[in-house]
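The values are calculated or read from the model by the stated rules, or taken from the named source; none is laboratory data. Just so it is clear, the model here is predicted, and its values are computed rather than measured. Positions of Cβ are backbone-derived with ideal geometry, glycine not excepted, and every protein chain shown enters the neighbour counts.
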Amino acid sequence: MGSGRWVLVLFHVFLHLFVISLTIAQPNLQGYQCTGTVNYTQHSAYPNNLDNLLYTLSTKTTSFSNFSSGQTPDVANGIALCRGDVDPDTCRRCVDDSTRRLKQLCPNQKEAIGYYDDCTVRYSNRFIFGIMETTPCVYLANTAVAPNVVQFNQTVLSLLVKLNDEAARSGGSTRKFATGKTVGPDNLTIYGLVQCTPDISGPQCSSCLDKAMGWYPSRCYGQLGCRILSPSCNFRYEITAFYNESPADALPPAAPPPATPPPAAPPALHGGIQSGEYRRTPLQKAHGPSLKKDSFVVLKKVRKKNATWIVLVTASTLTAAVVAILRFEIFSLRKLAALCNADSLDGYTLQLDQGDNEEMQYFMLTTIQAATNGFSIENKLGEGGFGPVYRGKLDDGKEIAVKRLSKNSGQGLDEFKTEVRIIVKLQHKNLVRLLGCCIEGDEKLLVYEYMANTSLDAFLFGL
């Protein structure tokens with residue numbers, strides 16, 4: 001082969017690698033929401049104020065910042081928060097990409113939020129500083145199921161509780177971030193990260209993370225990796241390291257926000273997920289409580305020119321190998337993404353209420369349906385004023401009795417949760433034991449340990 005052809009080959013190889021490096025370096029948008037209820041017009045002062053705000057956020061943010069531009073009613077308020085372990089340059093690139101793309105994804109919207117791997121950026125015409133907000137929320141879950149699910153969940157939640165305490169108490173107003181790792185079943189190393197925006201208080205941070213972890217049973221149960229992203233806080237865990245072991249320098253003090261105005265009405269939701277697979281039916285089946293129809297995000301895929309380049313560079317053997325590795329990493333951790341459902345059961349709080357010697361489990365509806373043969377009449381033990389009781393058998397052979405609360409009982413979600421907590425606290429070794437519960441859509445179920453010689457009243461009334 002002549003020297004000229006070698007030069008061309010080497011040129012193509014380096015060109016392909018260069019293009020791939022640019023693609024990989026692009027900040028990864030995980031999800032976004034256009035939450036404004038009113039659009040702005042180009043003739044108003046808001047678009048100029050928004051441009052000034054986004055420019056300031058993109059040029060001044062190296063870790064955390066909050067700014068305002070303009071005056072009411074056209075004021076633009078913004079918050080940019082980078083993950084506590086990323087360096088200032090990575091932070092700036094992430095915020096800069098977000099400020100540019102959010103305006104494109106949410107044209108003429110007065111309020112929007114973008115969730116990235118390395119940062120979160122939000123803006124609004126309403127006051128958002130120092131206020132804990134848990135919606136709009138996005139979750140992403142690894143579809144691979146953990147071995148020894150019960151023990152894995154207990155290990156993950158123990159780690160997240162520990163990190164919650166560290167983040168809420170660390171660094172005063174300058175840092176609310178914590179990372180850590182622990183060893184789970186089958187010697188799996190589990191890595192965890194939690195973070196709150198520094199403008200909220202320590203108790204608010206803890207409360208926000210409590211709320212996010214309350215979605216764990218219905219969104220992350222048994223998954224090898226999961227993250228919940230909300231405006232004021234987020235958590236993530238994986239079985240591979242995803243954060244830098246040495247956190248970035250402490251955050252500088254945030255700019256003092258203006259005086260607090262009266263609260264505004266909750267915003268409407270419009271948005272999308274930029275990564276992962278979006279399928280409505282499998283998502284409902286795989287992740288607990290059915291999502292409300294208007295809780296689903298509307299996918300808005302943003303095509304990039306460099307995405308076409310990735311296809312072109314596969315002509316090179318070396319590049320093909322790199323792409324194959326990337327495809328393996330992506331598909332081995334396939335994600336399902338959707339908005340969090342605020343009506344899901346707060347299983348995390350139930351776990352905290354029981355003490356160290358009791359084990360409380362959140363059961364998926366599909367698990368109970370399989371155990372009771374679809375609540376068949378053959379499995380029915382009897383019926384009381386609050387609903388029927390069914391006998392069932394779990395996959396591990398354990399026999400259970402399921403109290404299915406009647407839809408006409410008049411008992412709402414709060415009353416149901418209160419009943420569960422009371423039963424847990426009143427449990428005695430001589431009484432029938434409550435193993436767990438389930439709430440999905442209109443279904444509210446209590447799962448007891450089945451004992452053949454126990455009277456039906458014990459299951460009907462929890463005695």
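Which members of region 361-381 meet the condition of being farther than 17 Å from PRO217 by Cβ and exposed (fewer than 14 other Cβ atoms within 10 Å of the Cβ)?
GLY374, SER376, ILE377, GLU378
Quick one: in region 352-375, which of the residues that are within 15 Å of LEU435 (Cα to Cα) and among the hydroxyl-bearing types (Ser, Thr, Tyr) is modelled with the highest pLDDT?
Of everything passing the filter in region 352-375, THR367 is modelled with the highest pLDDT.
Is it the case that ILE128 is closer than 29 Å to LYS110 by Cα, β-branched (Val, Ile, Thr) and assigned by TED's automatic domain parsing to the domain that holds VAL75?
It is true that ILE128 is closer than 29 Å to LYS110 by Cα, β-branched (Val, Ile, Thr) and assigned by TED's automatic domain parsing to the domain that holds VAL75.
Yes/no matrix, rows are residues, columns are (1) surrounded by 21 or more Cβ atoms within 10 Å (Cβ to Cβ); (2) at pLDDT below 95; (3) not in a helix (DSSP H, G or I):
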residue	(1), (2), (3)
THR41	no, yes, yes
ASN48	no, no, no
THR56	no, no, no
PHE67	yes, no, yes
ALA80	yes, no, yes
ASP96	no, no, no
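Can you pull out the residues in region 112-123 that are of a type outside the set (Lys, Arg) and crowded, with 24+ Cβ neighbours inside 10 Å?
Listed by number, the residues that qualify are ALA112, ILE113, GLY114, TYR115, CYS119, THR120, VAL121, TYR123.
Condition first: in contact with a helix residue (DSSP H, G or I) (Cβ under 8 Å, 6 or more places away or on another chain), surrounded by fewer than 18 Cβ atoms within 10 Å (Cβ to Cβ) and either at pLDDT below 90 or over 30 Å from THR56 (Cα atoms) (or both). Can you find one or more residues in region 184-196 that meet it?
yes
Please return the ranges of strands (runs of 3 or more DSSP E) entirely within region 106-169 where 3 or more residues are touching a helix residue (DSSP H, G or I) at 6+ places or on another chain (Cβ under 8 Å).
Once the strands (runs of 3 or more DSSP E) in region 106-169 are filtered for at least 3 residues that are touching a helix residue (DSSP H, G or I) at 6+ places or on another chain (Cβ under 8 Å), what remains is 112-116, 119-124.
Starting from region 67-96, take each residue that is at positive phi and list its partners that are surrounded by fewer than 20 Cβ atoms within 10 Å (Cβ to Cβ), counting only C-beta distances under 9 angstrom and pairs at least six apart or across chains.
GLY70/ALA45; GLY70/ASN48; GLY70/ASN52
In contact with an Asp or Glu (Cβ under 7 Å, 6 or more places away or on another chain), among the aliphatic types (A, V, I, L, M) and not in a helix (DSSP H, G or I): is that true of ALA178 in this structure?
Yes, satisfied.
How many of the residues in region 198-214 are buried (at least 24 other Cβ atoms within 10 Å of the Cβ) and in contact with a helix residue (DSSP H, G or I) (Cβ under 8 Å, 6 or more places away or on another chain)?
Total meeting the criteria: 3.
How many residues are in a strand (DSSP E or B) and among the aliphatic types (A, V, I, L, M) if we restrict to region 214-245?
Qualifying residue count, region 214-245: 2.
Can you work out which of the residues in region 223-261 that are over 30 Å from GLN71 (Cβ atoms), at pLDDT 90 or above and small (Gly, Ala, Ser) is surrounded by the fewest Cβ atoms within 10 Å (Cβ to Cβ)?
The residue in question is ALA241.
Please count how many residues of region 124-138 are surrounded by 19 or more Cβ atoms within 10 Å (Cβ to Cβ) and either touching a Leu at 6+ places or on another chain (Cβ under 7 Å) or hydrophobic (A, V, I, L, M, F, W, C) (or both).
Residues that pass the stated criteria total 7.
Would region 115-137 turn up any residue that is among the aliphatic types (A, V, I, L, M) and at pLDDT below 90?
No, there is no match, as no residue in region 115-137 is among the aliphatic types (A, V, I, L, M) and at pLDDT below 90.
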